[in-house]
Amino acid sequence: MSKRIRKELTGKIPRLKGSFREYMSWPLFLAPLLIVMNLVIYFVDMKAGTIMTVFIMIYITVAIGIYQYYRKQLHCDLMNYASNYAQLQKRLLDSMTVPYAMADNAGKIAWSNKEFQKIIEQDGRGHRTLNAIFPEITSKSYPRGSEDSIVHVVFCGRNYQLSIRKILFSDVKDMVSIKDQELTKVSMYAVYLFDETEVLYYQKEIEKERMVSGLIYMDNYEEALKSVEEVRRSLLVALIDRKINKYVNRYGGILKKLEKDKYFVVLKQKHLEEMKEERFSLLEDVKTVNIGNEMSITLSIGLGAGGESYIRNSDYARSAMDMALGRGGDQVVLKEKDNITYYGGKSPTQEKNTRVRARVKAHALRELIETKEDVIIMGHHISDVDCIGAAIGIYRAAKTSAKHASIVAEDVTNNVKPLMDRYRNTPEYDEDLFITKEEALKRIHPNTLLVVVDTNRPSYTESPELLSRAQNIVVLDHHRQTRDVIENALLSYVEPYASSTCEMVAEILQYYSEDIRIKSGDADAIYAGMVVDTNNFLNKTGVRTFEAAAFLRRNGADVTRVRKMFRDNMEDYKAKAEAVRNAEVFADSYAISVCPNDTNESPTVIAAQAANELLGIRGIKASFVLTDYNNQIYISGRSIDEVNVQVIMERLGGGGHLSIAGAQLKGVTIEEAIARLKDVVMESIRLK
């Protein structure tokens, strides 16, 4: 190909073009003017005109002769000049401090300057193709259009930015005469190397020096102080202060105490990386402080990093702290722009004995309901008993305030249908108590209050579209918050310590209004939600759980009716027994099984019940039951106290509580889901 190009360039003298040709031809351009002048002279004097004609003919002949004679000489001079200029350019490129090379379509280096050769000769291998020298370069690295392609490579321990520019012969065909159309399609690549080792080094150093803002809160300050003698309380506080100060000082940070149980901390990014490596040992360190206190102090830490300003990092820290508190405390939440990372959260959530917050939330909810024209209540898709029970409780609160209310319940579990049938065609309840998503979308308007119960994740709601169109939103939930939360809620009441959303609603109803009248059907539904979510009051039960149950019993909840309502049919019981029988014990203490989905309408509920049953086997620390339902893999995770299944499920995209959690996987088979679950379980074991 190069021979053809050379022949095309040197086989024939090209014509002069452009302004240079015009400059060489200007004597000929004057000939018409002389001819006109000659004609004018003919009119003046015939003899003078004849003489003028002779001289004009001589002038034209001499001009053409000179043009033809010097044409070849001019081309030779131009070629010599171009050659000398090209040699000068080559010497300049060769001595240029920027590494530069030319490569063909296959990446083979055709020419390179001294700096480029000096770099590629360091490894002593003598490679002559870009792909062999820089493995980071692939066929996709070469530019297809006019824009340069940038590739970051590492060679002999140094970082380079490699810029590749495509050069077509068609770009230079006007400068030289190339008639072969195939030759104009031939391309070469100009390659530039820029050493960015020091730039990257200083960028990393600057990144390490960036400020990280943080907040440290004591979760159970008041409760811990009450558990120790009064004369020792100041000593307990001093020891905790000393632990926190010593930890922050170890990493060169600045600590400022804001309140008796709140701190503000500033540290560098490089020290944050060290804290992450040892997984924030302060969380466990403060628990070792014991001077007779029955309850250990736990901390919530919110850190903000990666913001473009100090104010932004401070906002990230506050957002991270809200997330840590919403997830139950005893953990670190690190927010770096849109990335959120959790550490800790392994201890059970401490129940708060005070009901002040429940009373405040109840009054706020009442004010919101009374200022709106309509109330729509919505839970998560595939609504369970806790979801419907909590919705019934909010419905009763809305009716107490004389407001029209309805519950969006279209996709529900099989064991919820008997509960819902109790309210249909009953004079005590509205005909539109339960509505579909389409009906809710038609009904919602700017003065509608949308109450979301038993979930705080937009994607988990019965109708995300309804959520996006609502202007007034209230969230009531007992699940730990994740990064995917419902934003812009007028009222958000998320309490991870609560056993169920029904427990929270029962407390709200006690403070909602003095003249509230809870019907026995309402009490049954709310009580049923508590029974199911606590597995008959065996999981996540505290003092307030039993107090809420006692309140519902006083208002007509019947234990026998609830028990009859949720008895299993024979097919469901067999499916649950099959899941227990086929369970696999993984890593000596983790039970994993699959629930069949061909014999019942609500395999997710059966899977959750089977997971509870597996915990009754001696030596099992946690159980996971999977089921394939609606083209998704549902995982129900359960534990007693040794394993945090919520952290495991979060790594699979789910969430929940320390002992009760779940996840949903799309686009995978049961076998693939089990493999992913086992990988996550092994990772959690290694991190212990």
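Condition (residue is among the aromatic types (Phe, Trp, Tyr), over 30 Å from Cys156 (Cβ atoms), at pLDDT below 80 and not assigned by TED's automatic domain parsing to the domain that holds Arg165) applied to the stretch 45-59: is it met by at least one residue? Within the stretch 45-59, not a single residue is among the aromatic types (Phe, Trp, Tyr), over 30 Å from Cys156 (Cβ atoms), at pLDDT below 80 and not assigned by TED's automatic domain parsing to the domain that holds Arg165. The set of residues in the stretch 297-336 that are β-branched (Val, Ile, Thr) and more than 18 Å from the chain's Cα centre (by Cα) comprises Ile297, Thr298, Ile301, Ile311, Val332. Looking at the stretch 534-565, which of its residues are within 20 Å of Tyr423 (Cβ to Cβ) and of a type outside the set (Lys, Arg)? Scanning the stretch 534-565 gives Leu552, Asn555, Gly556, Ala557, Asp558, Val559, Thr560, Val562, Met565.
Taking the criterion of being under 20 Å from Ile120 (Cβ atoms) and free of Cβ contacts under 8 Å to residues at least 12 places away in the same chain, the only residue of the stretch 142-160 that qualifies is Gly157.
Looking across the stretch 256-270, not a single residue is free of Cβ contacts under 8 Å to residues at least 40 places away in the same chain and surrounded by 15 or more Cβ atoms within 10 Å (Cβ to Cβ).
Exactly one residue among Ser281, Ser296, Ser213 is surrounded by fewer than 15 Cβ atoms within 10 Å (Cβ to Cβ) and among the polar types (S, T, N, Q), and that residue is Ser281.
Evaluation of Leu652 against the conditions (1) surrounded by 23 or more Cβ atoms within 10 Å (Cβ to Cβ); (2) assigned to a loop (DSSP other than H, G, I, E, B); (3) aliphatic (A, V, I, L, M) shows that the sole unmet condition is (1).
Every residue, every condition in (1) in contact with a His (Cβ under 7 Å, 6 or more places away or on another chain); (2) surrounded by fewer than 17 Cβ atoms within 10 Å (Cβ to Cβ); (3) farther than 25 Å from Pro496 by Cβ, yes or no:
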site: Val543; (1), (2), (3): no, yes, no
site: Ala550; (1), (2), (3): no, yes, no
site: Arg554; (1), (2), (3): no, yes, yes
site: Arg567; (1), (2), (3): no, yes, yes
site: Asp572; (1), (2), (3): no, no, yes
site: Lys576; (1), (2), (3): no, no, yes
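Suppose the filter is buried (at least 17 other Cβ atoms within 10 Å of the Cβ), within 45 Å of the chain's Cα centre (by Cα) and modelled with pLDDT of 70 or more; does Ser146 pass it? Here the answer is no, as Ser146 does not meet what is asked. Regarding the stretch 516-529, can at least one residue be identified that is crowded, with 24+ Cβ neighbours inside 10 Å, of a type in the set (D, E, K, R), touching a residue at least 12 places away in the same chain (Cβ under 8 Å) and part of a helix (DSSP H, G or I)? Yes, the stretch 516-529 has at least one match.
Going by the conditions given, is Ile340 of a type outside the set (Asp, Glu), outside the structural domain of Lys268 (by TED's automatic domain parsing) and touching a helix residue (DSSP H, G or I) at 6+ places or on another chain (Cβ under 8 Å)? No. When restricted to residues that are more than 19 Å from Asn597 (Cα to Cα) and assigned to a helix (DSSP H, G or I), the stretch 554-577 contains 8.
Scanning the stretch 471-501 for residues that are under 26 Å from Lys666 (Cβ atoms), among the hydrophobic types (A, V, I, L, M, F, W, C) and not in a strand (DSSP E or B) gives Val485, Ile486. Restricting attention to the stretch 465-477 and to residues that are free of Cβ contacts under 8 Å to residues at least 40 places away in the same chain and within 24 Å of Tyr342 (Cβ to Cβ), the residue that is surrounded by the fewest Cβ atoms within 10 Å (Cβ to Cβ) turns out to be Val475. Within the stretch 403-415, the residues that satisfy the criterion of being modelled with pLDDT of 85 or more and either more than 38 Å from the chain's Cα centre (by Cα) or part of a loop (DSSP other than H, G, I, E, B) (or both) are Lys403, His404, Ala409. Among the residues of the stretch 199-222, those identified as under 20 Å from Lys257 (Cα atoms) and among the acidic types (Asp, Glu) are Asp219, Glu222. Screening Ile617 against (1) closer than 23 Å to Ile685 by Cα; (2) surrounded by 14 or more Cβ atoms within 10 Å (Cβ to Cβ); (3) in contact with a strand residue (DSSP E or B) (Cβ under 8 Å, 6 or more places away or on another chain); (4) not acidic (Asp, Glu) leaves a single unmet condition, (2).
Mind telling me which of the residues Asn249, Asn290 ends up being in a loop (DSSP other than H, G, I, E, B) and either over 21 Å from Lys335 (Cα atoms) or among the β-branched types (Val, Ile, Thr) (or both)?
Asn290
Every test in (1) modelled with pLDDT of 85 or more; (2) within 23 Å of Ser659 (Cβ to Cβ); (3) not charged (D, E, K, R) is passed by Gly542 save one, and that test is (1).
Picking from Val580, Val559, Val605, which residue would you name as being among the aliphatic types (A, V, I, L, M), assigned by TED's automatic domain parsing to the domain that holds Asp533 and on the phi < 0 side of the Ramachandran plot?
Step by step, each of Val580, Val559, Val605 is checked, and only Val559 is among the aliphatic types (A, V, I, L, M), assigned by TED's automatic domain parsing to the domain that holds Asp533 and on the phi < 0 side of the Ramachandran plot.
Please verify whether Ile620 is farther than 27 Å from Arg483 by Cβ and at pLDDT 90 or above, treating the condition exactly as stated. So Ile620 fits the description; yes. Could you tell me whether any residue of the stretch 416-435 is assigned to a helix (DSSP H, G or I), in contact with a strand residue (DSSP E or B) (Cβ under 9 Å, 6 or more places away or on another chain), surrounded by 18 or more Cβ atoms within 10 Å (Cβ to Cβ) and at pLDDT 85 or above? For the stretch 416-435, residues assigned to a helix (DSSP H, G or I), in contact with a strand residue (DSSP E or B) (Cβ under 9 Å, 6 or more places away or on another chain), surrounded by 18 or more Cβ atoms within 10 Å (Cβ to Cβ) and at pLDDT 85 or above: absent. Given the criterion within 32 Å of the chain's Cα centre (by Cα) and not assigned by TED's automatic domain parsing to the domain that holds Ser499, identify the matching residue among Leu236, Leu272, Leu258. Going through Leu236, Leu272, Leu258 in turn, the sole match is Leu272. In summary, Gly253 fulfils each of the numbered conditions (1) within 31 Å of the chain's Cα centre (by Cα); (2) of a type outside the set (Asp, Glu); (3) surrounded by fewer than 14 Cβ atoms within 10 Å (Cβ to Cβ) with the single exception of condition (3).
For Lys287, only one of the following conditions fails: (1) exposed (fewer than 15 other Cβ atoms within 10 Å of the Cβ); (2) over 32 Å from the mean Cα position of the chain (by Cα); (3) at pLDDT below 90. What is its number? Result: Lys287 fails condition (1) only.
Table: residues versus (1) in contact with a helix residue (DSSP H, G or I) (Cβ under 9 Å, 6 or more places away or on another chain); (2) assigned to a helix (DSSP H, G or I); (3) in the same structural domain as Gln609 (by TED's automatic domain parsing); (4) over 19 Å from Val385 (Cβ atoms).
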residue: Asn456; (1), (2), (3), (4): yes, no, no, no
residue: Glu514; (1), (2), (3), (4): no, no, no, yes
residue: Val532; (1), (2), (3), (4): yes, yes, no, no
residue: Leu552; (1), (2), (3), (4): yes, yes, no, no
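Here is a check on your reading of the model: is Ala498 among the hydrophobic types (A, V, I, L, M, F, W, C) and under 24 Å from Phe537 (Cα atoms)? Yes: the conditions hold for Ala498. Being in a loop (DSSP other than H, G, I, E, B) and modelled with pLDDT under 75 is the filter here; which residues of the stretch 90-119 pass it? Matches in the stretch 90-119: Met96, Thr97.
The values are calculated or read from the model by the stated rules, or taken from the named source; none is laboratory data. The shown structure was predicted, so the numbers you read here are calculated from the model rather than taken from an experiment. Methodologically, a virtual Cβ is constructed for each residue, glycine included, from the backbone with ideal geometry; neighbour enumeration extends over all protein chains shown.
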